[in-house]
Amino acid sequence: MNCDQLKTLIGDFLDEEVAKEVLAEVHAHLADCPSCHVEVDTLEKTIRIYRAASPCPTMKDDAKQRLYAVLSYAYRSAKRTTNS
């Protein structure tokens with residue numbers, strides 16, 4: 001794995017959504033490439049700080065129902081348009 005390949009996988013890697021085989025390649029590259037190691041470490045810390053500082057917003061049930069209704073209507077309308 002090279003630096004460019006790692007950069008395309010960095011998001012999936014940090015979200016732990018890469019195959020085990022790829023994970024081994026990422027870890028091997030990070031062990032050999034100080035630049036990528038710093039980049040991944042910095043991004044990981046940034047994400048952790050952001051998540052700790054920004055609790056997941058909540059939405060009231062009635063607002064969720066209205067949102068789902070609008071999205072459902074938009075989806076059905078778009079589906080009818082593409083099927084015509």
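Nothing in this text is a laboratory measurement; each read-out follows from the coordinates by a stated rule. Note that this is a predicted model, so its numbers are computed, not measured. Positions of Cβ are backbone-derived with ideal geometry, glycine not excepted, and every protein chain shown enters the neighbour counts.
Unpaired cysteine residues in the chain (no second Cys Cβ under 4.7 Å): CYS3, CYS56. Of the residues CYS56, CYS36, CYS3, the one with the fewest other Cβ atoms within 10 Å heads the list, and the complete ranking is CYS56, CYS3, CYS36.
Once both labels are positioned 7 Å from their Cα atoms along Cα-to-Cβ, the gap between VAL38 and GLU16 label points is 2.8 nm. Length gained on full extension, ARG66 to ARG48: 3.3 nm, using 0.36 nm per residue less the C-alpha separation.
Taking other C-beta atoms within 10 Å as the exposure proxy, VAL18, VAL26 rank VAL18, VAL26 from fewest upward. Against the set (i) -0.68, -0.76, -1.05; (ii) -0.79, -0.82, -0.96; (iii) -0.89, -0.93, -1.05, the structure's computed log10 I(q)/I(0) by the Debye sum over Cα atoms at q = 0.18, 0.19, 0.22 Å⁻¹ falls on (ii).
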